[in-house]
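Written out below as structure tokens is the structure these notes cover.
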Amino acid sequence: MSSTNSWPLWEVFIRSKRGLNHKHVGSLHATDAEMAIENARDVYTRRQEGISIWVVESVNISASDPKIMDAMFDPAADKIYRHPTFYDLPDALKHM
Amino acid sequence: MTTLDFETQFFARINKDEKIEPKDWMPEKYRKTLIRQMAQHAHSEIVGMLPEANYISRAPSLKRKAALLAKIQDEAGHGLYLYCAAETLGAERDNLMDELHTGKAKYSSIFNYPTLNWADMGAIGWLVDGAAILNQVPLCKCSFGPYARAMVRVCKEESFHQRQGFEILLALCNGTVEQKQMAQDSINRWWWPSMMMFGPSDSESTNSEYSMKTKIKRFSNDELRQRFVDASKPQADILGLTLPDPLLKYNEATKHWDYGQIDWDEFNNVVQGNGPCNKIRVKARKDAWDNGKWVRDAATAYSEKQRQRKLETKQLA
């Protein structure tokens, strides 16, 4: 929580329909998880945008550091053999 | 990397039309400009609920009342999306509120004009929301990710606001002579303040250059104002209403509508706090905040009690 007396911040994730992942949509303030879900209903699903809501207190999220983004994600860049198109196969071979 | 490297990388990203996200390195000026603009935008949504609130109990039919309630609820939501976008840059909600209440932060001047009768709900929807949409659509492509994403949601929701306003005016214009006069009177009062919503002329606008350079802003105030005039004139014709500008004239050479001089003295006066409703708007917000304190305190106390109970139950088990 911040130095002020405001309610903690919660991140809101919404599943828009069955079969899809919950997706981050924004944040809001609430005293507890129950209130966060109720507020998220009113703030983020006024037009039937969701069928399920997850909330998590923002302080509980750990994030990768954008300053070391290159070191973090570059190792995957030169491993093109992880993709199916890397392999040279005859045209006669269908559906593989 | 040095600050200079970070800055080069930052502008390279901007120039490639990549988004800046909250934890990325950014110049202090970019952060400050965004916090100020997003907070001002959020405050405008929240204060913007006030001129309409008076008409919830005075709407002429259940349909109009339901639409007005939904519109005002959207505005609360839009304010919240924007506060949350500002908070991704480290702004504190309580401080933002405090700045609104002490007058340190501004909000759109349009909300310092009074709503005198039901026709004003139509004029606000058509002109004020229409102008807001023209301002907001380019912000969907703003360089700062959270602001752009909030704007996509806002724009999607706001198109009904303008349409319901236009429909209110259309009903009045198709009604009795007195009703049509009401609509015309309302347009007479709201046209020029709506024109001012795009801000000072490009030559006078102090923050514009940096905002354009960092792609927070994509079009200049005057460009957007021209679009507003060009869009509004044919719409006024459909209503059979006259826009209160004797100099309004189609320019064959530019293919735009030329318009008369905006009263910038009035604009500056309202921005500086001397509009017809500045004081009552801020007071209404401050009263709502102060009088709601016991509710916020009670909610905090309740949650704390629930937490304690859960702990005790766990210990017993």
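Annotations for the structure displayed:
- Net +/- balance of residues flanking A:LEU9 in space, Cβ distance below 11 Å, scoring K and R +1, D and E -1: -3
- q = 0.12 Å⁻¹, chain A: log10 I(q)/I(0) [Debye, one scatterer per Cα]: -0.64
- Distance from the range B:294-317 to the range B:122-153 (C-alpha centre basis), Å: 41 Å
- Over the range B:209-317: Rg over Rh, Cα atoms, Kirkwood Rh: 1.32
- Residues B:HIS43, B:HIS256, A:HIS83, sorted so that the one with the fewest Cβ neighbours within 10 Å comes first: A:HIS83, B:HIS256, B:HIS43
- Extreme residue, positive dipole direction of the range A:4-63, given options A:GLY50, A:ALA30, A:SER6 (C-beta unit charges): A:GLY50
- Cα centroid separation - the range B:210-231 against the range B:257-275, whole Å: 18 Å
- Listed residues B:THR300, B:THR102, B:THR242, most fluctuating in chain B (Gaussian network, C-alpha, under 10 Å): B:THR300
- Since only B:LEU127, B:PRO138, B:ILE110 are under comparison, the one whose Cα sits farthest along the positive direction of the charge dipole of the range B:43-149, derived from C-beta charges on Lys, Arg, Asp and Glu, is B:LEU127.
- In sequence order, the range B:21-35 has phi-based couplings of 10, x, 8, 5, 5, 8, x, 4, 5, 5, 4, 5, 4, 5, 4 Hz under the Karplus curve 6.51 cos²θ - 1.76 cosθ + 1.60, θ = phi - 60°, and Gly or Pro positions carry x.
- The ratio of the alpha-carbon radius of gyration of the range B:14-77 to the globular-protein estimate 2.2 N^0.38 Å is 1.70.
- Using a Gaussian network model of chain B in which every pair of alpha carbons under 10 angstrom is joined by a spring, one finds that among B:LEU96, B:LEU134, B:LEU62 the greatest mean-square fluctuation is at B:LEU62.
- P(r) of chain B over all Cα-Cα pairs, binned every 20 Å from zero, in whole percent: 29, 53, 16, 2, 0
- In the range B:234-295, the trypsin sites (Lys or Arg not before Pro) that fall in loop regions by DSSP, at most 13 other Cβ within 10 Å: B:LYS255
- Legend: mean number of C-beta atoms from other chains within 10 angstrom of residue C-beta atoms, peptide B:76-85, equals 4.
- Mean shadow area of the protein assembly as shown over all directions, Cα convex hull, nm²: 30.3 nm²
- In terms of surrounding Cβ atoms within a 10 Å radius of their Cβ, A:TRP7, B:TRP289 rank from fewest to most as B:TRP289, A:TRP7.
- Summing charges over neighbours of B:ARG64, with a neighbour being any other residue whose Cβ is under 10 Å away from its Cβ, gives +2 when K and R count +1 and D and E count -1.
- Highest GNM mean-square fluctuation among B:ALA231, B:ALA288, B:ALA298, for chain B modelled with Cα contacts below 10 Å: B:ALA298.
Only the coordinates and a few stated rules stand behind these numbers; no lab work does. Computed from a predicted structure; not experimentally measured. Every residue, glycine as well, gets a Cβ built from its backbone with ideal geometry; the counts of neighbours run over all protein chains shown.
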